[in-house]
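K.L.:
Let me begin by handing over the structure; questions about it come next.
The values are calculated or read from the model by the stated rules, or taken from the named source; none is laboratory data. Note that the structure is a prediction, hence the values are computed from the model and not measured. For neighbour counting, all protein chains shown are included, and Cβ atoms are generated from backbone atoms with ideal geometry for every residue, glycine included.
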Amino acid sequence: MSRSFIARNPSILWFLASLAVFTLVITVLSEGFGIGLIPTAFVKTLGKTLCLCLVAVAMDLIWGYTGILSLGHMAFFAVGGYMTGMWLMYARTEEIVVQALASGPIPATPEEVAQGVTTQIFGVVGGSDLPAIWSFAHSAWLQLPLVLIVPGLLALVFGWLAFRARVNGVYLSILTQAMTLALALYLFQNDSGLRGNNGLSGLQNLPGLGHVSQATTSILFFLASAMLLALGYVLAAFVISGKFGSALRGIRDDEQRLRFLGYPVEGYKLFIFTLTAMIAAIAGAFYYPQAGIINPAELAPIASIYLAVWVAIGGRGRLYGAVIGAAFVSLLSSWFTGGMAPSIPLGFYTIHWVDWWTVLLGLSFVAVTLFAPKGIGGLFDRLAHIATPARHGAALGPNDGALQEKEAQE
Amino acid sequence: MSSLLEVSGVSVTFDGFRAINNLSFAIGAAELRAVIGPNGAGKTTFMDIVTGKTRPDEGTVTFGEMPRSLLKMSEAQIARAGIGRKFQRPTVFEDQTVSENLMLALKAHRAPWRVLFWRETQAHRDRVQALADQVGLEDHLPRKAGELSHGQKQWLEIAMLLAQEPRLLLVDEPAAGMSFIEREQTTALLVELAKTRAVVVVEHDMDFIRRLNCRVTVLHEGSVLAEGSLDHVTKNPQVIEVYLGR
């Protein structure tokens, strides 16, 4: 019975193998490293999709396994993006400023460079001082750890307040949504110190790698995203295997029972909430350099709702389901909204998918919920013949001699 | 004999309704006790207070040889201190196997970090097997708990309580929905368990209590109306009036 971790979770091997084959094929077909069949823009789309798959894995941990429908994980994703974005933007602007000042008669002092960077970045929102939250942005070693620290602390404090007060179910979802909205509204302000609705831009340029083409960078980011997704998947599989996973599913199915078994349920929720927030933040930190730009619209509550839809369509409670859902729906969505899907002329009306895509998405969400509650991932279960217990209704009383259900309800 | 659990002078009010009114109750370290009473007598609220789900307005609840107040502890802490609770309806984790259910309940560290790095050993598997044997589920370990019959779920829940090695078991209507034979087995199990620990059984069914053959506490309107052997309390005219006579 005591088998290895991989043997107990065969989906890990399947997943890693498929991911490896996929990355290999894309790399070979890419412009940067291969024969150039796939344009760089599409490599970036695929790299971003892998990051979305990672955040979907985090969402599946918190929602599919623990049963906490968080509608705020895309906020952690975006905060992670902002944290890398600050460093990328500062470093890139610094390079430009140094270059510009180099033509001057006397070499620029560090103060002049810093002032130049500040004017470059904040001129657009009318600022001339570097906001305090940018204090670490000049150094990758100081700024990049914030990718984990800031969302982690945010999740820890928020989760501590919410879980300690035993906010559950739909109320918790609303609370996470409110947090997301509040954060977005704050970031929209020009004096938030993060350039208001301009957001951060030029993130696709890596400092010190100005001479490397975007074709190459895109593949490097694509491979890094794939590696990250693999690590995240294995970590998530480790968390849900064994007794810890059992306890998480226990929280989802009957939190009270678990509490009376002696488990500090609030501690578990806080742990998984913070862990998944940090996974989401790392995903965001790799997503936005590929997107090139981040602004507060990325934190809009709708983003987190999309995340929930991906996981629902892919199949809750299965890690591969979440990955499939995120990849499938987000790629499909960029195909439909990118104007690539052919319009359907009906004679009296033409269906333009750019307008009708959300309707289609909504309908498929309803269809999945009604007809395939286990989502796309559930199809794999059918192949593997995994059955769920279907014992519903009046389960009380195996025969007439027993006390009837009515009595047990009293 | 000193008592394991001592509840004294406890009152609790919900929105002006006094659910428990100056209730006092004590049970020894190895004793079987039945608690009966009409609906609304406060039986479930009494269990809620002992397990930390409800905080009383006044009174004290202490537990153990070196009496410790339970009033400042969370549900999980009280459970870890050695009080197990069985709910009225069988509550097991239906989507998990019988063996996973029991593993989850085994006495061990409960902190997230310790559980995350906890690894199953042969000793754990032996213990799970022994528990399953004890309640007659030895052939069902790999099955999902949701597939079990109602009576089997009740036993699984009892086995999960035993896995925690509690010193006090609170059992809410264990025989509800069981067949005649299942009831017989449950009675025997409870009597056996009470030899090594304290067991409090809340029950409606007089036949079942008669078979338990133990001291009975009758609750009425949130306080103790009578206490003693079943024959003794059933002769009490007040008890007859509020409970048995109807």
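K.L.:
If I filter the stretch A:208-215 for residues that are within 14 Å of chain B (Cβ to nearest Cβ), under 27 Å from A:Thr27 (Cβ atoms) and surrounded by fewer than 16 Cβ atoms within 10 Å (Cβ to Cβ), do I get at least one hit? Give the steps one after another, and end with the answer.
P.N.:
Step one: list which residues in the stretch A:208-215 are within 14 Å of chain B (Cβ to nearest Cβ), which gives none.
No, there is no match, as no residue in the stretch A:208-215 is within 14 Å of chain B (Cβ to nearest Cβ), under 27 Å from A:Thr27 (Cβ atoms) and surrounded by fewer than 16 Cβ atoms within 10 Å (Cβ to Cβ).
K.L.:
Within the stretch B:75-89, count every residue that is more than 7 Å from every other protein chain (Cβ to nearest Cβ) and either out of contact with any Lys or Arg (no Cβ under 8 Å at 6 or more places or on another chain) or farther than 22 Å from B:Ala176 by Cα (or both).
P.N.:
The initial filter retains those residues of the stretch B:75-89 that are more than 7 Å from every other protein chain (Cβ to nearest Cβ), namely B:77-78, B:81-84, B:86-87.
Restricting the remaining residues to those that are either out of contact with any Lys or Arg (no Cβ under 8 Å at 6 or more places or on another chain) or farther than 22 Å from B:Ala176 by Cα (or both) gives B:77-78, B:81-82, B:84, B:86.
The total comes to 6.
K.L.:
Might you check whether a residue that is farther than 27 Å from A:Thr66 by Cβ and in a helix (DSSP H, G or I) occurs anywhere in the stretch B:53-69?
P.N.:
Within the stretch B:53-69, not a single residue is farther than 27 Å from A:Thr66 by Cβ and in a helix (DSSP H, G or I).
K.L.:
Give the residues of the stretch A:63-84 that are under 24 Å from A:Leu144 (Cβ atoms) and either acidic (Asp, Glu) or in a helix (DSSP H, G or I) (or both), sorted by residue number.
P.N.:
Within the stretch A:63-84, the first condition is being under 24 Å from A:Leu144 (Cβ atoms), and the residues that meet it are A:72-84.
Within the stretch A:63-84, A:His73, A:Met74, A:Ala75, A:Phe76, A:Phe77, A:Ala78, A:Val79, A:Gly80, A:Gly81, A:Tyr82, A:Met83, A:Thr84 meet the criteria.
K.L.:
Checking B:Val92 against (1) within 10 Å of chain A (Cβ to nearest Cβ); (2) within 26 Å of B:Ala194 (Cβ to Cβ); (3) part of a helix (DSSP H, G or I), which test does it fail?
P.N.:
Result: B:Val92 passes all but (3).
K.L.:
Within the stretch B:1-23, count every residue that is on the phi < 0 side of the Ramachandran plot and either surrounded by 14 or more Cβ atoms within 10 Å (Cβ to Cβ) or of a type in the set (S, T, N, Q) (or both).
P.N.:
16
K.L.:
Next question. What residue, among those in the stretch B:56-69 that are closer than 25 Å to A:Gly267 by Cβ, touching a helix residue (DSSP H, G or I) at 6+ places or on another chain (Cβ under 8 Å) and at pLDDT 90 or above, is nearest to the other protein chains (Cβ to nearest Cβ)? Spell out the reasoning first.
P.N.:
Within the stretch B:56-69, the first condition is being closer than 25 Å to A:Gly267 by Cβ, and the residues that meet it are B:61, B:63-64, B:68-69.
Add one more test, that the residue is touching a helix residue (DSSP H, G or I) at 6+ places or on another chain (Cβ under 8 Å), and what stays is B:61, B:63-64, B:68.
Right, trim to at pLDDT 90 or above and you get B:61, B:63.
Details: B:Val61: 16, B:Phe63: 14 Å.
Top of the filtered list is B:Phe63.
K.L.:
OK, next. When the stretch B:37-55 is examined, which residues are found to be surrounded by 22 or more Cβ atoms within 10 Å (Cβ to Cβ) and either small (Gly, Ala, Ser) or more than 13 Å from the chain's Cα centre (by Cα) (or both)?
P.N.:
Answer for the stretch B:37-55, where residues must be surrounded by 22 or more Cβ atoms within 10 Å (Cβ to Cβ) and either small (Gly, Ala, Ser) or more than 13 Å from the chain's Cα centre (by Cα) (or both): B:Gly37, B:Ala41, B:Gly42, B:Gly52.
K.L.:
Could you grab me the full set of residues in the stretch B:86-129 that are under 21 Å from the mean Cα position of the chain (by Cα) and among the small types (Gly, Ala, Ser)? Explain how you work it out, then say what you get.
P.N.:
First, pick out the residues of the stretch B:86-129 that are under 21 Å from the mean Cα position of the chain (by Cα): B:86-94, B:98, B:101-108, B:110, B:128.
Once the filter is applied, which keeps residues that are under 21 Å from the mean Cα position of the chain (by Cα) and among the small types (Gly, Ala, Ser), the stretch B:86-129 yields B:Ala105, B:Ala108.
K.L.:
Which of the residues belonging to the stretch A:333-349 are assigned to a helix (DSSP H, G or I) and either crowded, with 16+ Cβ neighbours inside 10 Å or touching a strand residue (DSSP E or B) at 6+ places or on another chain (Cβ under 9 Å) (or both)?
P.N.:
Here is the first cut: in the stretch A:333-349, the residues assigned to a helix (DSSP H, G or I) are A:333-337.
Once the filter is applied, which keeps residues that are assigned to a helix (DSSP H, G or I) and either crowded, with 16+ Cβ neighbours inside 10 Å or touching a strand residue (DSSP E or B) at 6+ places or on another chain (Cβ under 9 Å) (or both), the stretch A:333-349 yields A:Ser333, A:Phe336.
K.L.:
Could you tell me which residue of the stretch B:153-190 is farthest from the other protein chains (Cβ to nearest Cβ), considering only residues that are of a type outside the set (Gly, Ala, Ser) and assigned to a loop (DSSP other than H, G, I, E, B)?
P.N.:
Start the filter on the stretch B:153-190 by keeping residues that are of a type outside the set (Gly, Ala, Ser), which leaves B:153-158, B:160-162, B:164-174, B:178, B:180-187, B:189-190.
Then drop every residue that is not assigned to a loop (DSSP other than H, G, I, E, B), which leaves B:164-167, B:173-174, B:178.
Details: B:Gln164: 6, B:Glu165: 11, B:Pro166: 9, B:Arg167: 13, B:Glu173: 7, B:Pro174: 11, B:Met178: 6 Å.
Per the stated criteria, the residue is B:Arg167.
K.L.:
Could you list, ordered by first residue, the pairs with Cβ atoms under 8 Å in which the first is in the stretch B:119-131 and more than 16 Å from B:Pro166 (Cα to Cα) and within 11 Å of chain A (Cβ to nearest Cβ) and the second is in a helix (DSSP H, G or I) and among the basic types (Lys, Arg), at least 6 apart or interchain?
P.N.:
Going by the 8 Å Cβ cut-off, the qualifying pairs are B:Glu120/A:Lys243.
K.L.:
Do we find a residue being more than 9 Å from chain A (Cβ to nearest Cβ) and outside any helix (DSSP H, G or I) anywhere in the stretch B:103-115? Walk me through how you get there before you give the answer.
P.N.:
Here is the first cut: in the stretch B:103-115, the residues more than 9 Å from chain A (Cβ to nearest Cβ) are B:109, B:114.
Cutting the leftovers down to outside any helix (DSSP H, G or I) gives us B:109.
There is at least one residue in the stretch B:103-115 that is more than 9 Å from chain A (Cβ to nearest Cβ) and outside any helix (DSSP H, G or I).
K.L.:
How about the stretch A:344-372: which of its residues are in contact with a helix residue (DSSP H, G or I) (Cβ under 7 Å, 6 or more places away or on another chain) and farther than 17 Å from A:Phe328 by Cβ?
P.N.:
Result: A:Val354, single match.
K.L.:
Do we find a residue being part of a helix (DSSP H, G or I) and either within 14 Å of another protein chain (Cβ to nearest Cβ) or modelled with pLDDT of 90 or more (or both) anywhere in the stretch A:379-392? Steps first, answer last, please.
P.N.:
From the stretch A:379-392, those part of a helix (DSSP H, G or I) are A:379-384; that's our starting set.
When the remaining residues are screened for being either within 14 Å of another protein chain (Cβ to nearest Cβ) or modelled with pLDDT of 90 or more (or both), the result is A:381.
Taking every residue of the stretch A:379-392 in turn, at least one turns out to be part of a helix (DSSP H, G or I) and either within 14 Å of another protein chain (Cβ to nearest Cβ) or modelled with pLDDT of 90 or more (or both).
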